[in-house]
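The values are calculated or read from the model by the stated rules, or taken from the named source; none is laboratory data. The model shown is predicted, which means the values in this text are computed figures rather than measured ones. FYI the Cβ positions are ideal-geometry reconstructions off the backbone, even for glycines, and counts take in every protein chain you see. Calculation scope for accessible area: heavy atoms of the full protein, side chains included, ligands and nucleic acids excluded. Shrake-Rupley method; radii C 1.70, N 1.55, O 1.52, S 1.80 Å.
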6 protein chains.
Amino acid sequence: MSSRHDGRSPDEPRAVTIDRGFARQSDGSALYRCGGTTVLVTANVVDRVPAWLEGKGVGWLTAEYMMMPGSTSPRKERRADSRSTEIQRLIGRSLRAAVDTKALGARTLHVDAEVVDADGGTRTAAITGAFVAVADALRARLGPEAARAVLRDGVAAVSVGVVAGRELLDLDYVEDSAAEVDLNVVRLGSGGLVEVQGTGEGGTFSRAQLTALMDLAERGLDLLGEAQRRALGGDWPFG
Amino acid sequence: MSSRHDGRSPDEPRAVTIDRGFARQSDGSALYRCGGTTVLVTANVVDRVPAWLEGKGVGWLTAEYMMMPGSTSPRKERRADSRSTEIQRLIGRSLRAAVDTKALGARTLHVDAEVVDADGGTRTAAITGAFVAVADALRARLGPEAARAVLRDGVAAVSVGVVAGRELLDLDYVEDSAAEVDLNVVRLGSGGLVEVQGTGEGGTFSRAQLTALMDLAERGLDLLGEAQRRALGGDWPFG
Amino acid sequence: MSSRHDGRSPDEPRAVTIDRGFARQSDGSALYRCGGTTVLVTANVVDRVPAWLEGKGVGWLTAEYMMMPGSTSPRKERRADSRSTEIQRLIGRSLRAAVDTKALGARTLHVDAEVVDADGGTRTAAITGAFVAVADALRARLGPEAARAVLRDGVAAVSVGVVAGRELLDLDYVEDSAAEVDLNVVRLGSGGLVEVQGTGEGGTFSRAQLTALMDLAERGLDLLGEAQRRALGGDWPFG
Amino acid sequence: MSSRHDGRSPDEPRAVTIDRGFARQSDGSALYRCGGTTVLVTANVVDRVPAWLEGKGVGWLTAEYMMMPGSTSPRKERRADSRSTEIQRLIGRSLRAAVDTKALGARTLHVDAEVVDADGGTRTAAITGAFVAVADALRARLGPEAARAVLRDGVAAVSVGVVAGRELLDLDYVEDSAAEVDLNVVRLGSGGLVEVQGTGEGGTFSRAQLTALMDLAERGLDLLGEAQRRALGGDWPFG
Amino acid sequence: MSSRHDGRSPDEPRAVTIDRGFARQSDGSALYRCGGTTVLVTANVVDRVPAWLEGKGVGWLTAEYMMMPGSTSPRKERRADSRSTEIQRLIGRSLRAAVDTKALGARTLHVDAEVVDADGGTRTAAITGAFVAVADALRARLGPEAARAVLRDGVAAVSVGVVAGRELLDLDYVEDSAAEVDLNVVRLGSGGLVEVQGTGEGGTFSRAQLTALMDLAERGLDLLGEAQRRALGGDWPFG
Amino acid sequence: MSSRHDGRSPDEPRAVTIDRGFARQSDGSALYRCGGTTVLVTANVVDRVPAWLEGKGVGWLTAEYMMMPGSTSPRKERRADSRSTEIQRLIGRSLRAAVDTKALGARTLHVDAEVVDADGGTRTAAITGAFVAVADALRARLGPEAARAVLRDGVAAVSVGVVAGRELLDLDYVEDSAAEVDLNVVRLGSGGLVEVQGTGEGGTFSRAQLTALMDLAERGLDLLGEAQRRALGGDWPFG
């Protein structure tokens, strides 16, 4: 069976590197590179909550996602378009699934994901990298003990898809543009699914394909969890 | 096993009525009621395409989704918020999966979904109702023959979820607010999946639950397809 | 003397139907149809006042007016343009003339008029229908006694105009487009004039024409007051 | 019978001065003072028409109305609010009634009214002053002959109202704030009515009052027409 | 040596007139004319401070700068563009250098500069005129004693530039358009420099040219200080 | 004489590193670090010009400047505020001084400066880094020959200021916050001054201080020019 355009096998993810503390004014940050995709994620704790949570003693986590104009070729105008809106809602929901907002107290955790290079999978890169930035931010601001109370679990995300009838793990831009089906999966470190977002892009998918794609995604998520653990090393907050 | 708060069994959808032609200036329209939820969908053909499609001879379908301020209690300010943005993108993608934009030619099909009463499941109601409005709009503007060339398939959507550990079909607002997991499924009439959007809301879900929810959704989609066919009667465009 | 393009005599209004409670989450609502024009008006009481009224113990009534994109043929982009701004100010002033904002207390009455079908006279339809929605909302939220203290009087509105030199009552879209003069009149149930808005559209009008148009408008307003009374039946709040 | 707070009799307007050419870069301009109210109106011809008139060979006249922040005490934030929107539409309609847009050709006449001092009657001041600025702009740009073809008639506006039960001509701010009824009338020089905008402000008005107010307004308009004629002197474009 | 296009010598400024109290509702105002440039500046004291100064007992001075659409030929669309933003920040900083915001107390001084005629040097005209308006506003609102405590010093601004290789004082529009270098200098009455803003416009400048331009600017600022003193006469707040 | 809070002498700049090609989708890019300040600058050539240059055969260079929310502590909301507006205009003007827009042809050079870490001097860092990114972008897109025709000269920028009465080179955030005077200087590689922007921040400055600050700035600019040359190495486009 022929390999993919960059030589990977269908179930082979791109190489991941995670550079912690890249942004030096933020409470936590990670420069997350996955193949040709680069996302700079910062995490900051602010001692204030949105108006609708004031006086309730619980915190909030919110995310922004922005593509830098130079992250694509040709250059893309800077703007908060509907795609970004959808993505930043996904990032926020995904990270909140791993955070205990009661333990956080009346604080807001701001996750800001800046796409430096867009070569496919930027939203899943943002989520996977954000976990590392959030872990560092909580530890820096609250201390390791309290940070562990807030961060209940790991969380990572991966994209899989169907290209020319084949299920592939971790699509790059060339594959993503040609995909018939695109599926993003977000999963906690302990195994619970947080988000399953499958979309037929000019095609549809069967129940059997959904199952195959989910299997592939879970394999990728296992590997990403290991990459997060390696990056955090002795600062890994769990067990 | 106890029934739901409104007496339905777990796999029982709410009653659906579809009132075609409710808006009399539009090419097609449907007042779609599903239990306490009401969505007015209009569909209109405009002889113009977005700038990025000009001169390519293919058409486009785009959707807007708006909650009327009086559709919730208490009243909600009118605004295009990020949730609406996400929903109208979903409606657009779902309907485009059923439409042949090449056969449509250099035209735009505008789907406008106005939520009159919001009692859960408004986005899936919008999609299911939109199919009827689109079928009528295409037939009215292009004639039955050409309409059949453009509208390749039926499309419907349903929500399922996990509430207090039980998988339920077609959540109303009370159930939706309490759901641990929420899954929206969009499927073509011929059976292919178009969108699978599952979200853990303060909970997560297992692969087994994903399977059970998909089964439940497919049952609901069978019934919605029948409701669409009944509503269109002799104007049903397929087979 | 020849009749109008739809067979009506010059002083004959279009048929009016008022469907109360159409929107089921709102405190009060009315689906108001006048010939080919349909406006869905909701009325809701919110326990809050605008910033400039805080602490003064008086309430406010405010209105929004929006044309649904599918309410015209061809479809019209959704937007808050200057015409809508002008109309929603008119609706607000008109209804406030019938409401005792001191008796309302520190509450805001929100009137939302959504134009479903635009076939002329949408602003006057919105005002006449809003009266019914407001009466229902106040009774539902404050009880019949308090509602009567707040709603001091009936209010209705009608359009008249000069088309091809003839004074006509209740112009539809075709007539409105050809009108030399357009006059909207808002009147309380007890007879006092609230608004007289006459505009020469590519023509002007004499004092004699103003008098003839006012006579015609008052005839129409008598009939609309009866339609409102019929719609409210036993819930009619006056005498 | 007692006089008004500033000593005027009920049918006595405030003194008017019109300073032509105040703004030296504009095609035409007028600094219009009416008692304590000052409006600076500029008129400029631009060789371009709005998109919806392109290629039709007819022109357009459009108006903007803005209150300078320092025009009221206390200072008012600069913003295009709904009141300004309504007023600039009125100014535009009023002036267009006096202009032959076919004779204007594919040009836009921009009228900009900046309120320097707001002491009541700013919208009618803007219209009356705009006529002078427009006359000068057309003559300056097209020559006296062509200007006369474009400017078919004079136009002026005045406000009248009911204060403490008395009909008064040309209300200042103190009177306007206390008025039960406010009526703005726009009339062509040749006598045809262009706009009649009457509003009950916390009161209503009878047909008899409407007639009395119209009489008062027409008296004021006669005087304003003379002021315009005096200001233009030998440049008066009619007869 | 040849004179400039309007006959001035290189170090000769345009004639300045300052008409105090032109806007009659404002606490202070000045119609500032400098050759063909006219700026109407109003100054108003508001008993409120921006959110970030609340509770600190110190005041603020803020400025807005707006070109009236008719201030240029051809007419310019009204908008807050990036140039205006830059200019209003400059005006605000310049005036704050002359004001003791602690002595002002919890108040905001609003400076609004409206450009009536734009013939070069509008930003420096706005600053020089604003000083007079502010002096009058403070005296009117706080009395002469307190006003002197707030207004610590005079402030004026001038533009100089290099045109065709020659250093010129007070550029008009024709010269400004052709200038290789443009330098705006703001100076307190007591001699301290507040702002030096030099820009090569299609050219650059040497240290020697910077020195020559600064000398020229200081000469112009001496004359403008005298004009301000003449305008304020017995109300001059210093010495 | 005591050293600065970070041990530098008054005329000692912070260490500079320039990492070329950091953003891999852009035509050119530079990660510019100057002490604790980091700016990521991308440069991209787009084959299109702004509307007002269409058909003239000349190109344009425009800049955007944005602070990433995590670039400051505490986090700063993402927004295009008036300070950013002023800075991006400065960056654009500065780079245009080094570029021959006629030689560029009908293209736009987009410079995007993203502040990763804000520790003072971000605008001057953006300009100095942008030169490297622009040099790389032009060479990559046009080839070395044509790039040299477009890029006529080097350009760099530095900030100097007066803190506690001492003139200091290259202020960091702590110094900048305490500065009485702040001066930014932009200079071409060949020595011509492009921008001199001096501002008294709660203080003023004398002509003598201006001279001392300019001397200090020129010393810093010499060093920055060397850093740019080192970074570009064999790709240095001049002589």
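Quick notes
- Taking the average, over residues, of other Cβ atoms within 10 Å as the packing measure, peptides E:67-76, D:229-238 rank E:67-76, D:229-238 from highest down.
- Interface size, chains E and F: roughly 2300 Å² of accessible area buried, both sides included, 1.4 Å probe, rounded to the nearest 100.
- Using θ = phi - 60° and Karplus 6.51 cos²θ - 1.76 cosθ + 1.60, couplings along the range F:38-43 (whole Hz; Gly, Pro as x): 10, 10, 9, 10, 10, 10
- Quarter of the Cα convex hull surface for the range B:108-170, i.e. its orientation-mean projected area (nm²): 5.4
- Restricting the calculation to alpha carbons of the protein assembly as shown gives Rg and Dmax of 34.9, 105 angstrom.
- Occluded residues from the range D:1-41, i.e. those whose accessible area drops by 40 Å² or more once the chain is not alone (1.4 Å probe): D:22, D:24, D:25, D:33
- Chain B, relative contact order in percent, only Cα pairs under 8 angstrom and at least six apart counted: 21
- Taking 26 Å as the limit for the C-alpha separation, the pairs A:76/F:102; E:76/F:56; D:76/E:76; B:76/C:56; A:56/C:102 exceed it in the case of A:56/C:102.
- Within chain F, percent of DSSP bridges classed antiparallel, to nearest 5: 85
- Counting Cβ atoms of other protein chains within 10 Å of each residue's Cβ and taking the mean over peptide F:200-210 gives 5.
- Distance from the axis that maps chain F onto chain D is least for the Cβ of the chain F residue given, with the whole Å value, as F:51, 8.
- Along each principal axis, taking the top coordinate minus the bottom one, the Cα set of the range A:11-144 gives 47, 32, 31 Å in descending order.
- Among residues other than residue C:209 with Cβ under 10 Å from its Cβ, the summed charge is -1 (Lys and Arg +1, Asp and Glu -1).
- For the range D:24-34, backbone phi angles converted through the Karplus equation (6.51, -1.76, 1.60; θ = phi - 60°) give residue-by-residue couplings of 8, 8, 7, 5, x, 7, 8, 8, 9, 10, 9 Hz, Gly and Pro being listed as x.
- Computed label-point distance, nm, for sites residue A:211 and residue B:208 using a 7 Å Cα→Cβ extension: 1.6
- Heavy-atom accessible area per residue - the range C:165-239, 1.4 Å, Å²: 39
- Residues whose amide H comes within less than 5 Å of that of residue C:120, counting only those at least five positions distant or on another chain, are C:173 (H built at 1.01 Å from N in the peptide plane).
- Here, the range F:146-234 yields an orientationally averaged convex hull projection of 6.4 nm² when only Cα atoms define the hull.
- Size descriptor for chain F, Kirkwood hydrodynamic radius: 18.1 Å (Cα pairs only, one decimal).
- Per-residue Karplus couplings for the range B:194-203, computed as 6.51 cos²θ - 1.76 cosθ + 1.60 with θ equal to phi - 60°, are listed in order as 9, 9, 10, 10, x, 9, x, 9, x, x Hz, Gly and Pro entered as x.
- Extension gain, residue F:177 to residue F:236, is 17.7 nm, computed as 0.36 nm per intervening residue step minus the present C-alpha separation.
- 10 Å Cβ neighbours from other chains, averaged over peptide B:63-76: 6
- Environment charge of residue B:181, counting only residues whose C-beta is closer than 15 Å and scoring Lys/Arg +1, Asp/Glu -1: -4
- Ellipticity estimate at 222 nm from DSSP helix runs (n ≥ 4, -39,500 (n - 2.57)) divided over the protein assembly as shown, nearest 500: -11000 deg cm²/dmol
- Residue range of chain B that is longest and free of GluC sites (Glu not before Pro) which are both DSSP loop and sparsely packed (at most 14 other C-beta within 10 Å): B:78-239
- Percent carbon-and-sulfur accessible area, chain D, ignoring ligands, DNA and RNA, probe 1.4 Å: 48
- Inter-centroid distance (Cα atoms) of the range E:38-103 relative to the range D:87-111, Å: 33
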